[in-house]
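Each value in this text was obtained by applying a stated rule to the coordinates, not by laboratory testing. Remember, predicted model here, so these are calculated numbers, not experimental data. For neighbour counting, all protein chains shown are included, and Cβ atoms are generated from backbone atoms with ideal geometry for every residue, glycine included.
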Amino acid sequence: MSTPRDLERARAGLVHRHAELRADLGGLLLEMARRDTFNLALLETKARAAVAVETEIAALDATLAAPAASVPAAVAMPSAPASCGRCHGEVPANANFCPFCGAPRGNA
Ligand SMILES: [Zn+2]
C-alpha cells in the first residue's frame with residue numbers, strides 16, 4: 001500500500017506534468033498562430049491529457065484527505081502467559097486461575 005509520502009511524491013510529479021502540458025499547449029498555440037495553421041486535434045489531445053492529469057490529482061487529494069484505514073484493535077492477539085502475582089508460577093493465557101496456587105488470574 002502507498003504511504004502518504006508516496007502519494008505526496010506522486011502528486012508533485014503530476015503537478016509538474018500538468019505545468020509541462022499547459023506550457024506545451026501555450027507554445028503550440030503560439031507556434032500555430034505564427035504559421036497561421038491551427039491543428040486543433042493536436043491541441044485537443046494535449047488539453048485532454050492535462051485534464052486527465054487534473055483528474056488524477058483530484059483522486060490523489062481525495063485519498064490523502066480520507067481518514068487513515070482503521071487499524072484492527074488487538075483483540076485477536078492471544079495473550080501471553082502471565083506470571084502469578086502470588087506464587088509467581090506461570091499462568092497459561094487461557095486460564096482464569098493460577099494452576100499452582102489457585103489465585104484468580106486478575107490477581108495473577
Ligand atoms: Zn499462583
- Close pairs (6 angstrom Cβ cut-off, 6 or more residues apart or separate chains): without any contact (Cβ under 8 Å) to a residue 40 or more places away in the chain in the range 24-37, basic (Lys, Arg) and surrounded by 11 or more Cβ atoms within 10 Å (Cβ to Cβ) anywhere: ASP24/LYS46; LEU25/LYS46
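Residue by residue, here is whether (1) more than 30 Å from the chain's Cα centre (by Cα); (2) part of a helix (DSSP H, G or I); (3) closer than 26 Å to ASP6 by Cβ holds:
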| site | (1), (2), (3) |
| --- | --- |
| LEU28 | yes, yes, no |
| GLU31 | yes, yes, no |
| ARG34 | yes, yes, no |
| LEU42 | yes, yes, no |
| ALA47 | no, yes, no |
| ALA50 | no, yes, yes |
| GLU54 | no, yes, yes |
| ALA59 | no, yes, yes |
| ALA62 | no, yes, yes |
